[in-house]
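What follows is a set of notes on a single structure, which appears directly below.
Only the coordinates and a few stated rules stand behind these numbers; no lab work does. What you are looking at is a predicted structure, and each value in this text was computed from that prediction instead of being measured. Every residue, glycine as well, gets a Cβ built from its backbone with ideal geometry; the counts of neighbours run over all protein chains shown.
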Amino acid sequence: MNSPSGADQPPGGSGASNSAAHWRADIASLVFPLPEHGAICAVHRGAFRTLLGADPTPEGCIGYFARFEDAFRAAARAKIPRKRIPFGTNLHLTSRDIARKLLEADQIERGERP
């Protein structure tokens, strides 16, 4: 992966515990694994600020991710081919990437075409 050794793992370091999203204070971002891409995906605090309309805490970011995890993962899956991100290369999502998938999910829920 394209990160310092062990930097993409939560405190405690074992790869087995890397299955969930966690906060990385060193980059002020929530990160979550993308096992199907062999990498991690980061979402900066600024993206959460835009999505939430307020300055979020790390706990608030993790909570928002948990509530809308499907949209975050869908945004990452869509960005990989759109930006031609090679396998094993870490990526980041912007608020626009995430908002696009949140809007699509809302439209589908209401029976509209995205």
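I'd like the FRET efficiency for A20 and D55, computed as 1/(1 + (r/R0)^6) with the beta carbon distance as r and R0 of 30 Å, rounded to 0.05. So the FRET efficiency works out to roughly 0.80. Taking θ as phi - 60° and the Karplus parameters 6.51, -1.76 and 1.60, the scalar couplings of segment 68-80 work out to 10, 4, 4, 5, 4, 5, 5, 4, 5, 4, 6, 6, 4 Hz in sequence order, x denoting glycine and proline. Label point of T94 set 7 angstrom out along Cα-Cβ; within segment 45-67, amide nitrogens under 13 Å from it belong to 47. Backbone geometry of segment 85-95 corresponds, through the Karplus equation with coefficients 6.51, -1.76 and 1.60 at θ = phi - 60°, to 3J(HN,Hα) couplings of 7, x, 3, x, 9, 5, 9, 10, 10, 9, 4 Hz, x marking Gly and Pro.
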